[in-house]
Amino acid sequence: MGLGQKSQAQEIPGALNFGFDLGGNKYWGNFTDDRFGLGGDLFIRWNIIDWVSLRAAYNAGLIQYKTTPGSIADEQALFGINVPGGSPGNPGTLNHIRYGGWDLMGEINFFPDQTFVPFFEGGIEALNFEPDNSNPSPLEGNAAAAYSKNVIGGVGGVGFDMFITQKVTFNGQVLMHLTGTDWLDDYSDPNNYRQDAYLTFGLGFSYNLFTPPQPEAPQPPPASTTTIINNNNYFTHDTVVKAVIYIDTVVMAKVDTVFLTGATDTIYFNPPINTIFNFPGTLFIVNTDQFNTAVPGNLSNLNQILHLVMQCPNLRVEIQGFASAEGTPDHNQRLSELRAERIKTWLIAQGVPPDKIASTIGFGTSNPAVKERTDVSAAELERERVQNRRIAVKVVQACQ
């Protein structure tokens, strides 16, 4: 899980999005002024992995700048006054640069499991531009074919995705376009070449066209309530013990994995070696190893672990930690290890002898208690993820 606010959506590896943004542009070149123009782009974005994406986009717009006496003199000095096909115009009128560019960019996504995902992006651009005046007529250099209007440049900037739903994203970006030419404004100073550039910025929306199927988590057989009779000396109670269990081999009541689903489940019996008790009710605060004490019954679930470990002197266990599928595998692995260590620390603080805990281990997102689906509401997805932020206890030495 990432840092920051509680997650409601995430960048999913393999997801394909289509979107747009609308905004403005600002030009820097030989005739730079303080004028802004209009522009926008269409894009397709593919998540290679959750924190790396590839974006293909087409951006277009109209850059505007005022004609000055100096610009007219520069054009006439460079091309002569009899070049057909137009002129820079009169002082004070507007010249235009119509542009369209195909961009291919890589993106680095920060906090890809969060609702708000900022990113850096950069790549190459194949740009076509058309300088004209307010008539509109091609400017002098354009009319004289003094340069190529198809150039290759670079583009880079920053942006963000903010998930509204699993399918719809609000997005924005700011990009600097280095055109690779000094002719964007129809003039190149022969004594002081400098590359023309322009900035684009905008806001828009994208839609998730495709999300690859997520790996199916192994599902246990349907749960059933089973009664286990007290046949040993290690029960805390002398009553019938009830637990929700899955029995792989029903031989002498051999139990492979016990799933405890609520604070009322009782777990006191002499389990054989390799029995694993899952505690999906042991809840942690998102992205931490701290117990979520705000949830009713969480302390009762912790006490069940305590009673299980303390039921007999010889019992030794392994504490296992698990995380939900948010965030990167490395982050989830470390988080699950911290949660297992947190349970060990808590048990020892309650009086459990340290040697009863043989080891702690984290399994990250492997072996989830439930499958985390991507085609459900944020609330339902969070209910599934809560069950995977859990603890399991494995018996490594039995009571007898």
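The values are calculated or read from the model by the stated rules, or taken from the named source; none is laboratory data. Please read these numbers as outputs of a predicted model, since none were measured by experiment. Ideal geometry is used to build each Cβ from the backbone, glycine not excepted, and the neighbour counts take in all protein chains shown. Heavy atoms of the whole protein, side chains included, go into the accessibility calculation; ligands, DNA and RNA do not. Shrake-Rupley method; radii C 1.70, N 1.55, O 1.52, S 1.80 Å.
Using a cut-off of 10 Å between beta-carbons, work out the net charge of the residues near THR328 (Lys and Arg +1, Asp and Glu -1, THR328 not included). Taking every other residue near THR328 into account, the sum is -3.
Subtracting the Cα-Cα distance of LEU54 and THR328 from their residue separation scaled by 0.36 nm leaves 96.8 nm.
Solvent-accessible area of segment 270-399 (1.4 angstrom probe, protein heavy atoms only): carbon and sulfur portion equals 53 percent.
Averaged over residues, the count of other Cβ atoms within 10 Å places the peptides 125-132, 336-343, 205-212, 45-52 in the sequence 336-343, 125-132, 45-52, 205-212, highest first. Net charge in the neighbourhood of ALA56 (other residues with Cβ under 10 Å of its Cβ; Lys, Arg +1, Asp, Glu -1) is +1. Compared with the alpha-carbon gap, the fully stretched path from ILE44 to PHE205 is longer by 56.8 nm at 0.36 nm per residue.
In whole Å, what is the distance between the alpha-carbon centres of segment 126-153 and segment 327-380? About 62 Å separates the Cα centre of segment 126-153 from the one of segment 327-380.
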